[in-house]
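Heads up, the thing below is written out as structure tokens.
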Amino acid sequence: MIGSTIIHLDRVDSTNNYAAKELLTKSLNEGTLFVATCQQAGRGTGLASWESADGLNLTFTVVLYPSGVALSQQFSISQAISLGMTDFLSRFVSDVSVKWPNDIYVNDKKIAGILIETAITGGKFSRALAGIGLNINQEVFVSDAPNPVSLKNLTGKTYELSQMLTDLCTCLDNRYRSLIRGDYYILQHDYGKLLYRKGVWANYRDQDSDFEGKIIGIEGDGRLQIETRNGEVRGFYFKEVSFK
């Protein structure tokens with residue numbers, strides 16, 4: 001079960017980096033968590049970084065072994081983790097969504113980020129590291145991130161981090177078990193319902209120019225489907241399109 005083993009780290013550059021190094025020499029149970037009090041170089045997708053004040057938020061990595069998941073369903077791993085996050089946050093606030101591919105939003109503000117790194121051996125996933133940063137009690141953000149928000153910003157309440165982690169792990173585990181059962185359609189359906197900006201005309205940029213479109217869904221391989229004003233439906237892989 002996710003969270004059955006928790007390894008607490010006082011200060012670390014990145015929990016994903018730390019977990020990857022540990023796996024080089026150790027055998028870790030599936031669901032092991034590396035939880036950092038201070039993450040000095042938390043990583044987002046691509047070159048992005050993650051800001052988190054010491055001791056105020058949840059920053060951790062989950063070790064998973066999804067060997068039974070088909071390689072063609074790699075995006076389902078991201079969907080399962082994203083949905084575990086939205087299931088949890090929806091207990092506290094409304095208007096929770098997933099900004100493709102795996103940022104978690106409340107209204108138009110980012111409350112959590114996810115970084116999933118997989119390894120493949122012998123044609124199967126040998127492991128997946130799901131790095132998660134979730135803003136809980138931080139009230140002031142000083143980085144140049146454009147739109148961060150925390151649960152405390154939204155509700156005015158202070159939360160007990162250890163209990164929040166326990167409850168979040170339960171939500172993540174429920175969705176991960178769905179993934180392992182092969183419930184890809186359910187994950188695809190639920191993820192599609194929560195897409196940020198779905199059905200809303202907005203501005204985007206592809207590799208060549210800006211354009212107006214509306215998100216209509218996700219393809220099975222994770223491509224984002226955007227309909228343009230002229231009725232064309234275009235599919236984009238990660239980094240092929242950006243939100244404006």
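Report yes if some residue within region 133-149 is in contact with a Gly (Cβ under 8 Å, 6 or more places away or on another chain) and either surrounded by 19 or more Cβ atoms within 10 Å (Cβ to Cβ) or closer than 20 Å to Thr86 by Cβ (or both); otherwise report no.
Yes: one or more hits.
Look through region 208-236, keep the residues that are assigned to a strand (DSSP E or B) and more than 17 Å from Lys99 (Cβ to Cβ), and return whichever of them is nearest to the chain's Cα centre (by Cα).
Gly235
Given the structure, is Gly220 among the small types (Gly, Ala, Ser), open to solvent by less than 60 Å² (accessible area, probe 1.4 Å) and modelled with pLDDT of 95 or more?
no
Being more than 24 Å from Ile180 (Cβ to Cβ) and among the basic types (Lys, Arg) is the filter here, so list the residues in region 104-142 that pass it.
Lys109, Lys110
Would you call Tyr185 open to solvent by 50 Å² or more (accessible area, probe 1.4 Å) and aromatic (Phe, Trp, Tyr)?
The answer is yes for Tyr185.
Read through the list (1) assigned to a strand (DSSP E or B); (2) of a type in the set (Gly, Ala, Ser); (3) surrounded by 14 or more Cβ atoms within 10 Å (Cβ to Cβ), then give the number of the only condition that Ala202 fails.
(3)
Count, please, the residues in region 228-241 that happen to be in contact (Cβ under 8 Å) with a residue 12 or more places away in the chain and either open to solvent by less than 50 Å² (accessible area, probe 1.4 Å) or in contact with a helix residue (DSSP H, G or I) (Cβ under 9 Å, 6 or more places away or on another chain) (or both).
4
Which members of region 153-182 meet the condition of being within 24 Å of Ser4 (Cβ to Cβ), in a loop (DSSP other than H, G, I, E, B) and open to solvent by 40 Å² or more (accessible area, probe 1.4 Å)?
The answer is Glu160, Arg181.
For region 189-199, give me the residue count where each residue is in a strand (DSSP E or B) and under 18 Å from Ile81 (Cα atoms).
Selection size over region 189-199: 1.
Which ones in region 1-56 are under 26 Å from Phe238 (Cβ atoms), modelled with pLDDT of 80 or more, open to solvent by less than 50 Å² (accessible area, probe 1.4 Å) and assigned to a loop (DSSP other than H, G, I, E, B)?
Within region 1-56, Ile2, Ser14 qualify.
The values are calculated or read from the model by the stated rules, or taken from the named source; none is laboratory data. The model shown is predicted, which means the values in this text are computed figures rather than measured ones. Backbone-built Cβ (ideal geometry, glycine too); neighbour counts: all protein chains shown. The protein model used for the area step is the full one, side chains on, heavy atoms only, and it has no ligands, DNA or RNA in it. Shrake-Rupley method; radii C 1.70, N 1.55, O 1.52, S 1.80 Å.
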